[in-house]
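Heads up: the structure comes next, in structure tokens.
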Amino acid sequence: MFGFLKKGLENKSQDSQEIDLQAEAISGKINELEQQLANNPQAKDTQKQLMLEYNRALTLFAKSHRFRQEIDPLFVKIDELRNTIRKSF
């Protein structure tokens, strides 16, 4: 009789696992881009890619329980990157 509730909970569990995997992947990509930017701070393409990844990460991190605590530091990184971009123009 309540089989639909079980299916709903299973789907939510699978969805949260998928979101966690996506958040983990984007976190790795961000780390890679941050290292590239540390080696060459004036690389405009890397700056653009990193800003895009930061914005994608905000949505995923907000949905992920594992990465939710990373949202505030991510906003700080976004501000720092914006300042770096402004200084380079």
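Only lysine pairs 8 or more places apart, or on different chains, with alpha-carbon atoms under 23 angstrom apart are counted in the chain, and they number 13.
Per the helix-only calculation at 222 nm, which mean residue ellipticity applies to the chain, given -39500 (n - 2.57) for every DSSP H run of n ≥ 4 and division by its residues, nearest 500 deg cm²/dmol? Walk me through the intermediate numbers first.
On the way: 3 runs with 75 residues, N = 89.
The helix contribution divided over the chain gives -30000 deg cm²/dmol.
When each of the peptides 38-46, 20-28 is scored by the mean number of other C-beta atoms lying within 10 Å of its residues, the order from highest to lowest reads 20-28, 38-46. For region 17-69, a crude dipole built from +1 on the beta carbon of Lys and Arg and -1 on the beta carbon of Asp and Glu, taken about the Cα centre, is about 180 debye to the nearest 20.
Explain nothing, just the number: dipole magnitude of the chain about its Cα centre with +1 on each Lys and Arg Cβ and -1 on each Asp and Glu Cβ, in debye rounded to the nearest 20.
On the way: 14 positive and 13 negative charges, 53 e Å.
The calculation lands at about 260 debye.
FYI, it's all coordinate maths here, none of it is from the lab. Keep in mind that this is a model prediction, so the values were computed, not measured. Methodologically, a virtual Cβ is constructed for each residue, glycine included, from the backbone with ideal geometry; neighbour enumeration extends over all protein chains shown.
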